[in-house]
Amino acid sequence: MSAAGAGGSFGSWGTDGLGLPCFDLDPHVFDDPTLVLPAGGPGDIWHQVGNDRLTATAHAGGRFTLYAFEGGPVALTGPGGGSRWEVLTAAGAPAPVGTPEAVRWGTGYAEWRWSTDRVTVTRTVTAPYGDLPCLVVDVRVSAPEPVRVREVWTLRPYPLIPGPLMSRTRPVFRDGQPLRWATWRLMFATSAAARRLTDLLRALAGWSMPLSPHRDHGGSGAVVLASRHPGRSTGLVPRLERDVFVSIVDAPGARIEASSRRPAVSVTLAVPLGEGGGAFSYTVGLAARGEVDGAVEEIRGSRGRGPECWAGAFSTAIGSEPALQREASWHFYYLRSARVEEDLMGPYIPQGSAYGFVHGGQGAPRDYAFSAVPLACLDPPAASELLRVTARMMRPDGSTYYAHAGRGALGPPLVHSFPTDLSLFFMWALAEYVWASGDAEFLSERVPFGPGGGGGSTMLDRALAAWRHTRDGVGTGPHGMLRVGSGDWSDPLALMVGDRRAFARDGESSFNTAMGAHVLPMGADLLADSHPADAREMRQYAASLRSCMEASWQGRWYPRGYDGRGGVLGGEHLFLDAQVWCLIAGIGDAERCRTLSRTVHGLCEVPSPVGATILDRPHRVRLGILPPGWDCNGGVWAAMNSLLAWGYALREPGLALQCLKRQSLAAHATAYPRVWFGVWSGPDAYNSYLGMRPGETFIHPATPMQEFPVMNSNAHAGPLLGLLKALGVQASPAGVTVTPRPEVIDGPWRITSPYLDIACDGETAEVVATPWR
């Protein structure tokens, strides 16, 4: 399939009138029973439409789902809510329009077209570029006779109270082992019961925050759905901290009214159109109490802040690789338009997918780091926001909470009681940001501990605390490697050893160790002027970690660590996550790095059409919780593939381009054309060829990723990170520099944002950086 198609069975990519990438759904998706679809069918397929303050999903059938985040994540259109519309003829009868004949997912918008023999309706929903928390809906109708259009929004607040076990009852897998099958049935039954309880708590919490409709008597003519404003205290229950409004933007003769039936409120917009049809627009948004009029006027004046603004936010030109060029722009849009702003935690880009929209949890800090590193070059203000929210999640001793949820509630540790990699990720992202942006003053900025304001310490103090926590809190094990604690990057790693307690106490992590060998010298550079003794110790510590990793070499790859009882973990299995930082850090001599690159390529990448698998073959997992080829038992992870592309570019550049292309959306759509996700967005991990349902994503008792398998930040930040690093874009104390790699991209390329402009002719590169403050 050509790069221009590359949409599998779901449609094709193109370029819209603004010169931006777009995806046109094939109308056959509505009647193809062989496709892998959401539970609600083809009409439920969705696309992210968002801006700096509002997140929405636009569904193929024409409805929208809205989320507010100021007081924590709240679905404004909870169960039973949403949007619908109809066209009424002059006689008052609905004109049957059926399924849409054309659906387009655009950069910052979604568009639908319905047609009958007498009526054509085109609807476009846009999130204005910037920080206006609203959607603008534009409707055009062509009809030979007068008609009336009725738009109905049913708003029902549904706070996403965090839930640790969220998979519903579902068929489990028979693999010839009755005990494992019975265990799976029991685990899913337990999870289903926990899910029902969480859903009940969410519904009750939504009932307790009813919206009170009234007509605004200012100049906007809006219907305002007033919410309760409970204050700024933290808690696990999110609250709706803004009023919701529905207002006419441009609709002569329209009437707007509301009716309430607790816990839902329905707002109806009725617009008469004369012979031949016409056009109108309205908006749905959020505003602080008493500020609706001003918000509506700002929306009416924002018509120049449409999707065209995304063209100026980021662009790429990679003539030899049109699919990578298109996807880079698309990934940037998806990553940046996911931004949210909480009153207590501040603005950030959530990890999203099932973690955020099903579990209701936000984090982990490592995922904020994965997004912050590419944004440090492309959008430094957004990167700095991610670093601030990570700093808020740190304790004074340098340890870091794994997640936040509700209204600024840190913890409780639903997955990790003692994660050991988070301090390293913070130091990595902080150094990349300071060097790429040139914002050295950021190190002097004070950030509170936890939500809200007051107290705290500087970002430089946080870096020092992160280092000391790594040294004293994490520490090293019997073989000199950094300990693993309750887990490093791989959450379920402890399920792959015999004695979980020994692993938590004395187990060692090669992921942490190799990452530390690369990251600690970066942190030392940040601390060299203010804390020279710590900086020297960091470099010595990193050298020791490097030596321990080199000594662990197994002949073709590095082990995953040690199991806490003296045994090697990963002596017989190749763990991809144990290798990527070794390549990036250049552990071992050049020949060993080449051997490692070729081994990973041959065992993990070549057999897989959509990126390297996390294992060369499935590992034994306690209770069979992770089926073969799923999740960390052989799945394909966006984050690790981005690091692999970087490592290849440094040690075996000829493999880097293949790695980038294998992990692309185009590759997934070509390999698994009947799976709806992985075409324009995706999860953090796909099921691999090593197991059942390849190309889909995992469902285990805790996380039903398949229920919300898109809008994951790693799926979009990872390819951006991999591309930048593979192209030779690097940050150092000297700023952003480029080492052209013709083995990766043979020919000219260019990357442009308001903060960075890089033009490369294939041999030399010119870099123009613009400080943002």
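Oblate is the label for region 212-345, because a/c, from the alpha-carbon gyration tensor with a ≥ b ≥ c as root eigenvalues, is 1.5 or above and a/b does not exceed b/c.
When the chain is described by a simple charge dipole with +1 on each Lys and Arg Cβ and -1 on each Asp and Glu Cβ, the residue from A58, M692, A143 located farthest towards its positive end is M692. Our coupling estimate for region 350-356, obtained by passing each phi through the Karplus curve with A = 6.51, B = -1.76, C = 1.60 and θ = phi - 60°, is x, 5, x, 6, 5, 4, x Hz, Gly and Pro reported as x.
Take every pair of alpha-carbon atoms less than 8 Å apart whose residues are at least six positions apart; their mean separation over the length of the chain yields a relative contact order of 13 percent.
Take 672-681, 133-142 and order them by the average number of nearby Cβ atoms within 10 Å per residue, most first; the result is 672-681, 133-142.
Working ranking of peptides 706-716, 284-294, 99-109, 492-502 by packing, defined as the average number of other Cβ atoms within 10 Å per residue, highest first, is 706-716, 99-109, 284-294, 492-502.
Sequence gap at least 6, Cα distance under 8 Å: using those rules, report the relative contact order of region 134-204 to the nearest whole percent.
Details: 41 pairs, mean separation 26.5, N = 71.
Relative CO of region 134-204 lands at 37 percent.
What do you get for the angle between helix 380-392 and the principal long axis of the chain? Use alpha-carbon atoms, 0 to 90 degrees, nearest ten. The two axes meet at around 70 degrees. Annotation: E145 carries an accessible surface of approximately 60 Å², with a 1.4 Å probe and no ligand, DNA or RNA atoms counted.
Please find the FRET efficiency linking W553 to R622, where r is the Cβ-Cβ separation and R0 is fixed at 41 Å, and quote it to the nearest 0.05. Write out the running numbers ahead of the final one.
Working: r = 28 Å, r/R0 = 0.68.
The value I calculate is 0.90.
Taking every C-alpha pair closer than 8 Å and separated by at least 6 residues, the mean separation divided by the residue count of region 350-420 gives a relative contact order of 25 percent. Here the gap between R505 and S544, fully extended at 0.36 nm per residue and compared with their Cα-Cα distance, gives a gain of 11.9 nm.
Taking all protein chains into account, the per residue accessible area for the chain stands at 34 Å² (1.4 Å probe). Of the residues K661, K725, ranked by 1.4 Å probe accessible area with the largest first, the sequence reads K661, K725.
What does the charge add up to near V267, with Lys and Arg as +1, Asp and Glu as -1, over the other residues with Cβ less than 9 Å from its Cβ? If you can, show how the numbers build up before the last one.
Values: positive: none; negative: E151, E257.
Summing Lys/Arg as +1 and Asp/Glu as -1 gives -2.
A Förster radius of 25 Å combined with the Cβ-Cβ distance from T116 to V152 puts the calculated FRET efficiency at roughly 0.80. Here the gap between M692 and T739, fully extended at 0.36 nm per residue and compared with their Cα-Cα distance, gives a gain of 12.8 nm.
First check a/c for region 494-609, with a ≥ b ≥ c the square roots of the eigenvalues of its C-alpha gyration tensor; if it is under 1.5, answer rounded, and if not, answer prolate when a/b is larger than b/c or oblate otherwise. Can you show the working numbers first?
Working: a/c = 2.35, a/b = 1.34, b/c = 1.76.
It is oblate, given that a/c is not under 1.5 and a/b is not larger than b/c.
Ordering A288, P322, W310 by the projection of their Cα atoms onto the charge dipole of region 200-331, which places +1 on the Cβ of Lys and Arg and -1 on the Cβ of Asp and Glu, puts A288 at the extreme positive end.
Of the peptides 263-270, 351-358, 470-477, the ranking by mean beta-carbon count within 10 Å, highest at the top, reads 351-358, 263-270, 470-477. Classification of region 600-695 by its C-alpha gyration tensor yields an oblate form. The axis ratio a/c (a ≥ b ≥ c) is 1.5 or more, and b/c is at least a/b.
Using the Kirkwood radius over C-alpha pairs as Rh, can you work out the diffusion coefficient of the chain via Stokes-Einstein at 4 °C, viscosity 1.567 mPa s, in µm² per second? Present the calculation step by step, with values, prior to reporting the outcome.
Numbers: Rh = 26.8 Å.
For the chosen part, D equals 48 µm²/s.
Largest to smallest in accessible area, the residues S115, S688 fall in the order S115, S688 (1.4 Å probe, all protein chains included).
Each of A656, V679, G634 was scored by the projection of its Cα onto the charge dipole of region 629-720, and the greatest displacement toward the positive side belongs to A656; charges sit on the C-beta of Lys, Arg, Asp and Glu. Estimated at 0.36 nm per residue, the fully extended path between E441 and T169 surpasses their Cα-Cα distance by 92.7 nm. Its residue count N fixes a reference of 2.2 N^0.38 Å for region 535-687, and the Cα radius of gyration divided by that reference is 1.09. Computed from the C-beta positions of D16 and D44 and an R0 of 25 Å, the FRET efficiency is 0.55 to the nearest 0.05.
With a 1.4 Å probe and all protein chains left in place, how much of the accessible area of the chain comes from carbon and sulfur atoms, in whole percent?
Numbers: 13710 of 26210 Å².
Ligands and nucleic acids excluded, carbon and sulfur give 52 percent.
The values are calculated or read from the model by the stated rules, or taken from the named source; none is laboratory data. Nothing here was measured: the structure is a model prediction, and the numbers come from that model. Counting neighbours? That spans all protein chains shown, and the Cβs are built from the backbone with ideal geometry, glycine included. Side chains are part of the model used for accessible areas, which takes the heavy atoms of the whole protein and leaves out ligands, DNA and RNA. Shrake-Rupley method; radii C 1.70, N 1.55, O 1.52, S 1.80 Å.
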